[in-house]
Amino acid sequence: MRRAAPFIAIFVIQALGAFFFVSDILASVLGIRTTPISWEMREAIEIGAALGLVLGVIVGGLMLLRALRERNVAEERLRRVSGEFMVLLQERFAEWGLTPSEKDVALFAIKGMSTAEIAALRATSEGTVKAQTNAIYRKAGVSGRPQLLSLFIDDLMRDDGTVRAAANGGQTAA
């Protein structure tokens, strides 16, 4: 809550300034008579409103820069994780002894494509793709696509770092 206090203060100053300016304009346009305030008070209110606007622009700009930096960091992390996922896939495919065709089919299956879509992409029959997926499941020791995908998710979510040793040049992640 302490970090939010300066932002709340700037917001309140801006809101009061906006209320002052809008009510002043509306009173003039609608011809509503108001009790005039001293010019010193009017100047103080206008300076406060202007200060609130300037602070709002500065804080907004800083927050935008921070958000852009955080987005860039998140995108870089996503790129790294995506690359590690492909390394993990290749490690497991080699470990299971998949043929090049089975590797293609396994990759398409993990991406969520249907048997018909895989067959169309590989210019082969659905029966061939089904036979290849069954061979993949047998070699991986799973009973279907959900379990196949869960193997990779479990490996990525591990905290002990043992899976990533090969991808990190033989060093385990800390």
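Side notes on the structure shown:
- Grouping the Cα pair distances of the chain into 5 Å bins from zero gives a pair-distance distribution of 1, 7, 10, 11, 9, 7, 6, 5, 5, 5, 5, 6, 6, 6, 5, 3, 2, 1 percent in increasing distance order.
- Helix 5-30 axis, angle to the chain major axis (alpha carbon atoms, nearest 10°): 50
- Each of the peptides 72-81, 20-29, 86-95 was scored by the mean count of other Cβ atoms within 10 Å over its residues; in descending order, highest first, they stand as 86-95, 20-29, 72-81.
- Cβ-defined net charge surrounding Ala74, 14 Å radius [Lys, Arg +1; Asp, Glu -1]: +3
- The magnitude of the dipole of the chain, with charges of +1 and -1 set on the Cβ of Lys/Arg and Asp/Glu and taken from the Cα centre, is near 260 debye.
- Restricting the calculation to Cα atoms, every distinct pair contributes to the Kirkwood radius of the range 1-80, found to be 15.4 Å.
- With contributions of -39500 (n - 2.57) from each DSSP H run of at least four residues, the per-residue ellipticity at 222 nm computed over the chain stands at -26000 deg cm²/dmol.
Throughout, read-outs are computed from the coordinates displayed, never taken from laboratory work. Values in this document were obtained by computation on a predicted structure and should not be read as measured data. Positions of Cβ are backbone-derived with ideal geometry, glycine not excepted, and every protein chain shown enters the neighbour counts.
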